[in-house]
Amino acid sequence: MSKLDINKIRSDFPIFADKSLIYLDSAATTHKPKQVINAISNFYSNYYANVHRGIYELGMKATEAYQSARQNIANFINASDWRSIVFTGGTTESINLVAYSWARKNLKTGDEILITEMEHHSNIVPWQLAAEETGVLLKYIPINTDGTLDLSNIDKLITSKTKLVSIIHQSNVFGTINPIKKIINHAKKVNAITFIDAAQSIPHSHVDVQDLDCDFLAFSGHKMLGPTSIGVLYGKTELLDSMMPFMSGGDMINSVTMTESTWNDIPYKFEAGTPKIAQAIGFGAAIDYINDIGIDKIHDYEQSLLKVALEKLKSIDELEIYGHQTGENGAVISFNLEGVHPHDLAQFLDQDGIAVRAGHHCAQPIMNKLEVSATIRASFYLYNTEEEIDKLCASLRKTQSFFN
Amino acid sequence: MNELQELYQQVIIDHNHNPRNFHKIKHPSHSAKGHNPLCGDKFNIFLTIKDDIITEISFTGSGCAISKASSSLMTEALLGKTVTEAQKLFDLVHNMVTTGLANAKDIGKLAVLSGVHKFPVRVKCAILPWHTMKNALDKSTQTAITE
Ligand SMILES: Cc1ncc(COP(=O)(O)O)c(C=O)c1O
């Protein structure tokens, strides 16, 4: 096992005071350390005020904390300019922002958007709607049944018609880490805009937007120890500058007359209304927490958990694991147990205090490809332990024998 | 035995493994598809109704043990019943899986589903085939069946 001070980490999370909880659903959302909860509570208790408005002391303090969260997040993904960080409600909103403010304004009949069959619904549906409205063709990079992308025809899929390529970095179903740099490079050859759905990768590994050189990238705070209802759209500044606002109202304008308005600078242009101040401060505290431990150490620890989990799960008869056959994978495992429907199985695991996800994981195209209606998904984070994997396996065996 | 094992007792496990009337009827007078998009459960219910009596009933599809056993038990319970009796049984089952209350005489073998009410997220699994059956009764789909 790669080393983390797991007892110290677990003691930071109030939820784990309940010793019977085995939480294996971090790909859906993660628990929060007290450092994050306290940062939010401290803001509300001690310096709560609106930002960008008050001339008074409290307002300045709040503005400072809000801005420093943004800088913190910019540093975390190595963005060279904090103005590239737009606060949104989450990955879903980030994708929609680009689908409305960029795709609908820049695409026309004859153009193509390319995504993959591996996407979360949130990286499918906004493009479907935009494509329908603009007469654009939506194409898919196919997946193999082993949970990897089939890139054999990438040169035929990315052509001069391709204007946008949007790809999931790490699969929320298989854990597969896609070769996005390679795909981004292909897209660049035809000057297509690139969008990375990093909701599942950024919480678990070091992602560097300058190195990737993608145009847009999105992720969610709640999947990385932060609060709900906050996420990020990273965008290259010149692109963001060229775009129309998504939502409009207060905070996002420079001047308003009865007939027209001029837009505020980026990123504020895309942040209409009173911002998500408490959420941003909480998100900043989550990044601090991760930085204090070190994202690379977290990554290594999760990789060692993954290795153990795969080994132990594979020793269970008639348990089928999807993916994890080749390449690099995150600590997310989808599987099925022969003869026990995933919903029944999840219910029996729950009886033993084990929280896993059963269902299609918002990725129905994948389920169709695997020809299953649902899978069980166990996903891990820095607070999980090998002992929890043992308990999962014991509960699986027990349920298996009950059903057979 | 805990509440969960009580629910998944022998009858449910048995009907899950060996579902009764688990096939297509060639020329049903009534049929409907039931789908729970949240969990992916999918069932087809087929009925032949002659002179107001259910003379044939069957199902196909896939889902969890609760939904499959409920489908299987339903086909057994409804065979030979009138349409009015079927509607009445729907109401009784609906009431039972949401409240746990049922009159043993009216409900018979279906009582094994009563434990579902302790697991609110699973109520929809138990009731899906019954809703599908009701939809089939409400609307004859004779012409919609293509083979
Ligand atoms: C890969 C991926 N993309 C997008 C999302 C959507 O994120 P959110 O619900 O935070 O907007 C998720 C969340 O499940 C995800 O796993």
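Computed from the coordinates by the stated procedures, all read-outs in this text should not be read as laboratory data. These numbers were taken from a predicted model, which means no experiment stands behind them. Neighbour counts are summed over all protein chains in view; Cβ atoms, including those assigned to glycine, are modelled from backbone coordinates with ideal geometry.
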In whole Å, what three semi-axes, largest first, describe the equivalent ellipsoid of the protein assembly as shown built from its Cα gyration tensor (square root of 5 times each eigenvalue)? 46, 29, 24
Cα gyration tensor category, rounded, prolate or oblate, for segment A:298-404 with a/c compared to 1.5: oblate
What pairs in A:Lys19/A:Lys223; A:Lys398/B:Lys118; A:Lys32/A:Lys276; A:Lys391/B:Lys68; A:Lys108/A:Lys156; B:Lys26/B:Lys68 have C-alpha atoms more than 27 Å from each other? A:Lys391/B:Lys68
How much net charge surrounds A:Glu338 when only the other residues with a Cβ under 9 Å from the Cβ of A:Glu338 are counted, with Lys and Arg +1 and Asp and Glu -1? -3
Based on Cβ point charges of +1 for Lys and Arg and -1 for Asp and Glu, what charge dipole magnitude is obtained for the protein assembly as shown about its Cα centre, in debye rounded to the nearest 20? 720
Three-way shape call for segment A:17-87 based on the alpha-carbon gyration tensor, with the a/c threshold at 1.5: oblate
Determine ³J(HN,Hα), in whole Hz, for all residues of segment A:267-274 in sequence, where each value follows from phi through the Karplus function 6.51 cos²θ - 1.76 cosθ + 1.60 and θ = phi - 60°; x replaces Gly and Pro. x, 4, 3, 9, 10, 5, x, 4
Quick one: 3J(HN,Hα) in Hz for segment A:30-40, Karplus 6.51/-1.76/1.60 with θ = phi - 60°, rounded, Gly and Pro as x. 10, 7, 10, x, 4, 4, 6, 4, 5, 4, 5
If we sort A:120-132, B:79-91, A:85-97 on the protection proxy, mean other Cβ atoms within 10 Å, highest first, what's the order? A:85-97, A:120-132, B:79-91
Within-14-Å neighbourhood charge of A:Ser41 [Cβ basis; K, R +1; D, E -1]: +2
Scoring only Lys, Arg, Asp and Glu (+1, +1, -1, -1) among other residues with Cβ under 12 Å from the Cβ of A:Thr145 yields -4
In sequence order, what are the phi-derived ³J(HN,Hα) couplings for segment A:170-185 according to the Karplus relation 6.51 cos²θ - 1.76 cosθ + 1.60 with θ = phi - 60°, rounded to whole Hz, with x for glycine and proline? 10, 5, 7, 9, 9, x, 3, 9, 7, x, 5, 5, 4, 5, 4, 4
Sort all Cα-Cα distances of segment B:3-139 into consecutive 5 angstrom bins from zero, then give the percent of pairs in each bin up to the one containing the longest distance. 2, 11, 22, 25, 21, 12, 4, 1, 0
In peptide B:62-71, what is the residue-averaged number of other protein chain Cβ atoms found within 10 Å of each Cβ? 4
Which peptide among A:165-176, B:22-33 comes first, and what is the full order, when sorted by highest mean count of other Cβ atoms within 10 Å? A:165-176, B:22-33
How far is it, in nm, from the label point at A:Ser11 to the one at A:Thr29 when both lie 7 Å from their Cα along the line to the Cβ? 2.8
Can you give me the Kirkwood hydrodynamic radius for segment A:37-291, using every pair of distinct Cα atoms, in Å to one decimal? 18.9
Using alpha-carbon positions, what is the distance between the centroids of segment A:199-244 and segment B:1-59, in Å? 47
At the level of C-alpha centres, the distance separating segment A:8-57 and segment A:131-153, in angstrom, is 38
Could you work out the helix-only [θ] at 222 nm for the protein assembly as shown, with each DSSP H run of four or more residues adding -39,500 (n - 2.57) and the total divided by the number of residues, to the nearest 500 deg cm²/dmol? -12000 deg cm²/dmol
Mean Cβ neighbour count within 10 Å, used as a protection proxy, ranking A:366-376, B:99-109 highest first: A:366-376, B:99-109
Averaged over the residues of B:39-46, the number of partner chain Cβ atoms within 10 Å of each residue's own Cβ comes to 3
For residues of A:335-347, the mean tally of beta carbons on other chains within 10 Å: 5
Please enumerate, by chain and number, the aspartates and glutamates with C-alpha under 18 Å from the C-alpha of A:Lys34, excluding those fewer than 8 residues away in the same chain. A:Asp5, A:Asp12, A:Asp18, A:Asp288, A:Asp292
